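Okay, so here's the structure we're looking at.
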Amino acid sequence: MQTRQSIHSDHAKQLDTQGLRREFLVEEVFTPNQLTMTYSHIDRIVFGGIMPVTSPLTFSDELGKAFGVSYFLERRELGLINIGGPGLVVVDGTTHEVGNAEALYVGQGARVLSFASVDASQPAKFYYNSAPAHLCYPTRKVTRAEASPSTLGDVATSNRRTIYKYLVPDVLPTCQLVMGLTQLEEGSLWNTMPCHTHERRMEVYFYFNMKDDAAVFHMMGKPDETRHLLVHNEQAVISPSWSIHSGVGTQAYTFIWGMVGENQVFGDMDHVAVKDLR
């Protein structure tokens with residue numbers, strides 16, 4: 001498990017490229033037959049990838065001890081979206097079939113979780129976010145058809161995209177975790193521009209569906225002093241509440257976003273006009 005500290009905006013602006021990458025970028029999310037995990041002190045979000053190939057993967061009780069509890073989800077909830085082949089997630093003895101572009105919400109208190117692929121030649125890739133929780137809501141699968149879609153942008157501004165909101169109050173109840181997927185149309189390159197911050201929530205972006213020779217220039221930093229990170233396929237970026245989070249790719253791409261914080265109001269954003277960016 002990697003641990004990332006909270007970073008003050010005054011500290012961040014003193015970091016060079018390698019420093020920014022060390023603090024905010026997670027370069028390896030999926031590894032065959034492994035479960036990766038990054039624990040950020042920013043709102044205590046946990047995120048990573050689960051890629052079972054030849055045998056199931058599980059959260060061990062030892063992992064719970066690292067969080068000061070008996071088991072990982074004793075005081076947490078978890079959401080995942082599968083970006084790979086068909087998979088199986090067993091939650092306390094109940095099996096959930098989770099296909100590509102389908103999500104699963106696992107409520108606080110679930111103790112025994114197991115993750116497997118239906119076909120080893122097309123392994124499942126479960127990207128997950130976990131947040132502290134103090135209420136237990138039912139575990140539930142959410143298909144692409146059940147997600148709440150919203151199409152935004154325009155071809156003329158190269159930002160035509162559809163936002164699929166999977167884990168939001170309009171779809172199902174969660175304690176605080178909000179999670180979804182944004183897919184850019186062919187020929188569109190920009191996401192979240194004009195950009196925003198949200199002082200009341202942090203966010204993590206996970207970029208995927210990118211070719212080996214493609215990249216996203218992910219914009220971060222305070223609106224009046226922006227920086228960028230070069231992000232490649234299946235890498236994640238931590239965004240503190242004080243930072244913008246936007247990007248432009250060399251080709252179209254898809255990304256999963258997850259938010260943790262004070263509320264679950266998707267539209268609670270502090271918008272920044274392009275003319276005000278520096």
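What follows is calculated from the coordinates using simple rules that are stated; it is not laboratory data. Note that the structure is predicted; figures quoted are calculated from it, not measured. Cβ sites come from the backbone with ideal geometry, for glycine too, and all protein chains shown count toward neighbours.
At-a-glance table
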item: Cα-based radius of gyration of the chain once divided by 2.2 N^0.38 Å, which approximates compact folds; result: 0.96
item: For region 40-181: relative contact order, % (alpha-carbon pairs under 8 angstrom, 6 or more apart); result: 25
item: Cβ-placed point charges (K, R +1; D, E -1), dipole of the chain about Cα centre in debye, nearest 20; result: 200
item: Gain in span if fully extended, GLU186 to HIS228, counting 0.36 nm per residue against the direct Cα distance; result: 12.8 nm
item: Residue-wise HN-Hα coupling along region 96-105, computed from phi with Karplus coefficients 6.51, -1.76, 1.60 (Hz; x: Gly, Pro); result: 10, 7, 10, x, 4, 6, 10, 10, 9, 9
item: Kirkwood Rh and Cα Rg combined as Rg/Rh, region 57-161; result: 1.07
item: Ratio Rg/Rh [Cα only; Rh per Kirkwood] for region 3-110; result: 1.02
item: Additional length obtainable on full extension of the chain from GLU146 to GLN251, 0.36 nm per residue less Cα span; result: 35.0 nm
item: Length-normalised contact order for region 2-276 - Cα pairs under 8 Å, 6+ apart - percent; result: 17
item: Residue-averaged 222 nm ellipticity for the chain, from DSSP H runs of 4+ at -39500 (n - 2.57), nearest 500; result: -1500 deg cm²/dmol
